[in-house]
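The values are calculated or read from the model by the stated rules, or taken from the named source; none is laboratory data. In this text the structure is predicted, and so the values were computed from the model without any measurement. Here the Cβ is made from the backbone with ideal geometry for all residues, glycine too, and neighbour counts use every protein chain on show.
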Amino acid sequence: MRTIVIGCNHRTAPISVRERLAFDDQSCVAALQRFREQHAEAEALILSTCNRTELYLARPVYAQPRLQEAVKFLADVRDIPPHEFTECVYHYEDLEAVRHLFRVVSSLDSMVVGESGILAQAKHALEVAREAMGNSAVRRLDSLFQRAFNAAKEVHSRTQIAEGHVSVGSIAVDFARQIFSHFNDKTALMIGAGEMGELTLKHLIEFNPRRVLVTNRTFSRAQELAERIGAEAQPFDDLIGLIASADIVLSCTGSPDPIITKATAADVPARRQYRPLLLIDFAVPRDIDPAVGDLQGLFVYDIDDLQRVTDQHAAERQSKIAESEQIIDAAVLEFVQWQGKRDVGPVISAFNAYLAEIGQGELEWLIPKLTDCTDHERELIEQMLHRVIKKVMHAPTKTLHTKGKDGKAHIYAATLRTLFDLVSDD
Amino acid sequence: MLAVLSTVALGIASSAIAQRIRYRAQGRGKVLPYMMVAIIVLNLILLGWRVADMGLHHAVATQFNCTVLLATLLTAMGLLSQGHRGVLGLDGLLLPVAAILQIGAFTIILDVPEAPETAAWFVVHQLAIVASATFFITAGMAGGVYLALVRILRKKQPSPIIGRFAPLESWERIGRWCTLIGFGLFTFGILTGICKAMHLAPSHRPNWLTDTVIVACFALWAAYAAALAATWLVPSFRGRKAAFMAVGSGAVLVAVFLVIDLLSVVHG
């Protein structure tokens, strides 16, 4: 069996192409069922995420679909003329296809290296393929994907490549979680209506804070945002009072000057009994004077602080790519060897049986003609025949096992099968 | 032999915890509770054997046994903290201290002291002091982590510690409660110690002003009492200030327990 992948991703195709090639579950099932009708011998799986659409195929060596047919299939099911996306398409075969899948699932090929979403998406794609084509119809791809999942888990556990968030909002939440043990008695306050603040607030809301407050110089905007995210709008007049009552403050106003200074916030620690207060400043120019962080129990982070952590996490992930690639190389080699044995074993047995059958036929022709032949001589003739079969078998068996190591065994096995018209039980 | 086995196990467990914290090695984390149970069982068998051999009064009078008991209680505290996010990383602090204490116990001369005259008071006094030391050491460790975390959070740099230890709030809470419980036990230990001394013949009574352990204990008691009072009465005495207090007192306590008590020939 050959393994083939064709597709495009965030590096090869602009979003205008990716969005046209994207599949949802329903269209994916329909496409795979259509594929099954056209190519009964082959297996297919579609991995479609916001950053990539890939068609994975496993088919007998001399069967359909070939590369051009696979591209045409994609074009047909998505109703796009092939010439509009063929330039963006990459394809890999056999060993390279396996390596590509292992890299994709381990998130080495992702836009954000180390993100864990792709593993879940690949698992879901396999589920959809099973549902669309039946379990037995994706047997080969199932083995391949299971190995890829194992390799991804090994990469993540050994290198910790997914460690450390790489979005500013997540980093802000990480800081909050390192300060507060639980959020169900905490109050989150958002000052202003910036997009980044809103995203971070939505992250925080997942931890069920007791109260979520929103304030803005324009009260109607605060009300609008509060309604959208399920928070309470508060007037801007008593800003320091609001800050003193909150535990986490996200600030993202368009103010040209700091709205919270050390002088204005001087009595905040005492008003809140010196409990910790986290202030995140997403605004540029800054809303919070950095000197506020000198006050007891107050932790102040601005956008540069968060970005610095984000950059370092991203750099750490990049530094782990080489180690991850080594793990993947070993996993790919192991898989290809396992698959090679699986492809080659039945063909060798069939070839051996084929030669033995010919030998037996020739013996049955020869023996009746040797009238003076003793039992001992007959035995020697049979032994000679077995030795010849063994010697004829030796070279192709060795070649097939050797080629198994570089992922080409299935091609030689298929050639042998075609040349001698062998029937094997694979 | 048992002591050697449990000390080796403590060393291995401490190293495994350090690996878990440094590399988030989950596999090592799974075997740790079993190792801790093994250490506790080994130490309890050792202590049980020594009590049977020496008698309860002699056994608790031997500093080696008290130190092993303290290491066992610290390991038990580490075991109880397993799997709770609110005390994440506490085991990583307690086990190395337990290992150091147990290794330190081997340096103690294993002589059997003369049986005290007021044995019942003495047993309760020793056990209360060991139990209070467990809580004070835990409070000191919590204070240390609190200070380290504050420093890291204020530096605003990424650190491997972020996410591998419980949040600041939890460490403050652990420190406060452990100090409170430890102080209760310590007070009880001091009171039983005074009762024990009062029942001794005048010639055997310790000198309240020159016995280093007694003076250190009273100083510690006063410091903890002041810290606890400040925690309730002075709102600003929390966070870093309380953590500094817990770390300092914990360090003095370990010093009293391991160094002064070993060298003191006049206590008790």
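Some notes on this structure:
- For residue A:33: the one exception among (1) assigned to a helix (DSSP H, G or I); (2) without any contact (Cβ under 8 Å) to a residue 60 or more places away in the chain; (3) polar (S, T, N, Q): (2)
- Only residues that are surrounded by fewer than 22 Cβ atoms within 10 Å (Cβ to Cβ) and either among the aromatic types (Phe, Trp, Tyr) or within 19 Å of residue A:203 (Cα to Cα) (or both) were counted in the range A:232-252, giving 3.
- Meeting the requirement of 2 or more residues that are within 14 Å of chain B (Cβ to nearest Cβ), the helices (runs of 4 or more DSSP H) wholly within the range A:297-405 are A:303-319.
- Meets criteria (of a type outside the set (S, T, N, Q) and either closer than 30 Å to residue A:225 by Cβ or in the same structural domain as residue A:145 (by TED's automatic domain parsing) (or both)) for residue A:304: yes
- Meeting the requirement of 2 or more residues that are aliphatic (A, V, I, L, M) and in the same structural domain as residue A:269 (by TED's automatic domain parsing), the strands (runs of 3 or more DSSP E) wholly within the range A:179-258 are A:187-192, A:211-215, A:248-252.
- Condition met for residue A:227 (more than 25 Å from residue A:312 (Cα to Cα) and away from every other protein chain (no Cβ under 14 Å)): yes
- Subset of the range B:152-174 (residues that are surrounded by 17 or more Cβ atoms within 10 Å (Cβ to Cβ), at the interface with chain A (Cβ under 8 Å from one of its Cβ atoms) and part of a helix (DSSP H, G or I)): B:153, B:168, B:169, B:170
- Summed over the range A:275-296, the residues that are surrounded by fewer than 22 Cβ atoms within 10 Å (Cβ to Cβ) and within 12 Å of another protein chain (Cβ to nearest Cβ) give a count of 6.
This table checks each residue for (1) closer than 20 Å to residue B:145 by Cβ; (2) modelled with pLDDT under 80; (3) not basic (Lys, Arg).
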site	(1), (2), (3)
B:64	no, no, yes
B:67	no, no, yes
B:83	yes, yes, yes
B:93	yes, no, yes
B:99	yes, no, yes
B:108	no, yes, yes
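- Residue check, residue B:177 surrounded by fewer than 17 Cβ atoms within 10 Å (Cβ to Cβ), under 19 Å from the mean Cα position of the chain (by Cα), without any contact (Cβ under 8 Å) to a residue 40 or more places away in the chain and within 14 Å of chain A (Cβ to nearest Cβ): yes
- Unmet criterion (only one of (1) within 13 Å of another protein chain (Cβ to nearest Cβ); (2) modelled with pLDDT under 85) for residue B:149: (2)
- Only one entry of A:112, A:128 meets the criterion of being under 30 Å from residue A:300 (Cβ atoms) and more than 14 Å from chain B (Cβ to nearest Cβ), and that entry is A:112.
- Of all the numbered requirements in (1) more than 14 Å from every other protein chain (Cβ to nearest Cβ); (2) within 30 Å of residue A:296 (Cβ to Cβ); (3) surrounded by 15 or more Cβ atoms within 10 Å (Cβ to Cβ); (4) not basic (Lys, Arg), residue B:230 misses one, and that requirement is (1).
- Qualifying residue in the range A:161-169 (condition: more than 12 Å from chain B (Cβ to nearest Cβ), hydroxyl-bearing (Ser, Thr, Tyr), touching a residue at least 24 places away in the same chain (Cβ under 8 Å) and under 30 Å from residue A:254 (Cβ atoms)): yes
- Restricting attention to the range A:204-231, the residues being farther than 10 Å from residue A:189 by Cβ, surrounded by fewer than 18 Cβ atoms within 10 Å (Cβ to Cβ) and of a type outside the set (S, T, N, Q) number 12.
- Any hit, the range A:136-154, residues being within 14 Å of chain B (Cβ to nearest Cβ), closer than 28 Å to residue A:314 by Cβ and within 15 Å of the chain's Cα centre (by Cα): yes
- The range A:363-376 - residue that is surrounded by 11 or more Cβ atoms within 10 Å (Cβ to Cβ) and out of contact with any Cys (no Cβ under 8 Å at 6 or more places or on another chain) and, of those, modelled with the lowest pLDDT: A:373
- Residue within the range A:184-191 that is buried (at least 21 other Cβ atoms within 10 Å of the Cβ) and within 14 Å of another protein chain (Cβ to nearest Cβ) present: yes
- Long-range neighbours under 6 Å by Cβ, at least six apart or interchain, first residue outside the structural domain of residue B:253 (by TED's automatic domain parsing) and among the basic types (Lys, Arg) within the range B:73-98, second surrounded by 22 or more Cβ atoms within 10 Å (Cβ to Cβ) and assigned to a loop (DSSP other than H, G, I, E, B): none
- Residues located in the range A:21-66, provided they are at pLDDT 90 or above and in contact with a Lys or Arg (Cβ under 6 Å, 6 or more places away or on another chain): A:21, A:42, A:43, A:58
- One residue alone among A:374, A:310 is more than 40 Å from the chain's Cα centre (by Cα) and of a type in the set (S, T, N, Q), and that residue is A:374.
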